[in-house]
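Below: the structure, in structure tokens.
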Amino acid sequence: MDTGEADARRRDENDSLSHLRDRFHVPDGELYMDGNSLGAFSKDAEEALSNAVDEWREQGIRGWTDADPDWFHYGERLGDRLAPLVGARESEVVVSNSTTVNIHALFSTFYDGGEVIVNELDFPTDHYAIRSQMQSRGVDPEENLVVVESRDGRTIGEEDVIDALSDETAILFMPSVLYRSGQLLDIERLTEAAHEHGALAGFDLAHSVGAVPHELSNWNVDFAVWCSYKYLNAGPGAIAGLYVNERHFGETSGLAGWWGHDKDTQFEMNATFTPAENAGAWQIGTIPVFSAAPLFGSLEPFSEIGIEAVRAKSLELTDYLIELIDDIPECEVGTPRDPVRRGGHVAVEHEEAYRINEALKARGVVVDFRPPNVVRVCPAPLYVGFHDVWQVGEHLREVVETNEYESFDTRGGGVT
């Protein structure tokens, strides 16, 4: 593969999605490669948020019924827009709460004892929430939270997850993509295996939604959660989403709240909770309009081009990035090279990863560090081009080959 600058520019000229970059505020002078942590500022999101602010100014409380779309049905309308990205029926998707709260809401509904299978490379909040739900039922997590270990410190073997299943398993809960290495798990295979043991299958899609196509309904996944501030570009702390397979409709959320009530009778203010007959039942409190409105805008590019086109470019960008990293001494790719096993970012491994991360940021390359030895680089396809990736490769090469990172302090840290 030609990895020279001229070739990178030619690739950009032939990229059918390159025009989308103009719809984002990418900070001047920066190479923004952290969209798997916080997506760039979407101009479509900015416009949608501005529109909601104008509606509040001009309509006041009437915005709940007269805004376009009306605030009262924000969660459901956004669920309709998100459904194609996760391969679900519109009724099975709603936006609400935060990712962690949604894990609590779903586990409080579907967990009633027994073993839960997770893995040791999960993002910690998933374990915090599951342990909390176990403890609230008098179940000892030390005995009933089955943690599948990694054989290489990078990835999780799906065969190891399947081997951990037993008749004692109540729920299998896995990420779609591991947040550190970027490994993409086979959701369909794991769901089928869980069901063969009479267990439910749930997934955290935080690092795949907006980057990887899903077919949750066809795969018979029971439930899933995700955030919208990464690849969906809806802004810091933006509202999260959830999916519940329609066969579970009618279940009462263990964290019932008035916003999950049947919409037709919600304002009758009955003392008894009547859940909505769709995924909306897992909403809890009043929709935070200004945390949800940007998502209406940031979803526009996905509606226009489709998630398959996004995925195709993402794979091309990460393939290209991997080729560049392979030519840099002492750096190793910790992300699976097989496209069907790779999410949207690449893990660059080096024993001095923290200081390399600091050196890159000082050069205007926005990446992030994950302990113990990973620099995550995310060429988000809606606003990153091949020449951007080529420049990142050159910066990384110079930082490593000249030992430039040695001028930075050694310490740890990082945020999701």
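The values are calculated or read from the model by the stated rules, or taken from the named source; none is laboratory data. Values in this document were obtained by computation on a predicted structure and should not be read as measured data. Cβ: placed from backbone, ideal geometry, glycine included. Neighbour counts: every protein chain shown. Ligands, DNA and RNA are excluded from the accessible area calculation, which covers all protein heavy atoms including side chains. Shrake-Rupley method; radii C 1.70, N 1.55, O 1.52, S 1.80 Å.
General observations
- Residue selected from region 382-416 under the condition closer than 13 Å to Asn357 by Cβ, among the hydrophobic types (A, V, I, L, M, F, W, C) and open to solvent by less than 60 Å² (accessible area, probe 1.4 Å), by the criterion modelled with the lowest pLDDT: Phe408
- Ala359 fulfils the conditions (1) of a type in the set (Gly, Ala, Ser); (2) closer than 22 Å to Tyr405 by Cβ; (3) not in a helix (DSSP H, G or I) except for a single criterion, (3).
- Condition met for Glu76 (over 25 Å from Thr265 (Cβ atoms) and either touching a Gly at 6+ places or on another chain (Cβ under 7 Å) or modelled with pLDDT of 95 or more (or both)): no
- Condition broken by Val340, with the remaining ones in (1) in a loop (DSSP other than H, G, I, E, B); (2) surrounded by fewer than 21 Cβ atoms within 10 Å (Cβ to Cβ) satisfied: (1)
- From the options Phe290, Phe302, Phe369, residue that is surrounded by fewer than 18 Cβ atoms within 10 Å (Cβ to Cβ) and within 29 Å of Asn97 (Cα to Cα): Phe290
- One residue stands out among those in region 34-59 that are free of Cβ contacts under 8 Å to residues at least 40 places away in the same chain and among the acidic types (Asp, Glu): the one that is least open to solvent (accessible area, probe 1.4 Å), which is Glu55.
- Against the criterion of being assigned to a helix (DSSP H, G or I), among the polar types (S, T, N, Q) and closer than 18 Å to Ala199 by Cα, Ser108 qualifies.
- Among the residues of region 161-173, those identified as surrounded by fewer than 24 Cβ atoms within 10 Å (Cβ to Cβ), assigned to a strand (DSSP E or B) and aliphatic (A, V, I, L, M) are Ala170, Ile171.
- Pick from region 24-33, criterion surrounded by fewer than 21 Cβ atoms within 10 Å (Cβ to Cβ) and either at pLDDT 95 or above or touching a helix residue (DSSP H, G or I) at 6+ places or on another chain (Cβ under 8 Å) (or both), ranking: nearest to Phe302 (Cα to Cα): His25
- Checked against the criterion of being open to solvent by 60 Å² or more (accessible area, probe 1.4 Å) and either in contact (Cβ under 8 Å) with a residue 60 or more places away in the chain or touching a Phe, Trp or Tyr at 6+ places or on another chain (Cβ under 6 Å) (or both), the candidates Glu323, Glu358, Glu332, Glu351 yield just one match: Glu323.
- Any chance Arg154 is outside any strand (DSSP E or B) and touching a Gly at 6+ places or on another chain (Cβ under 7 Å): yes
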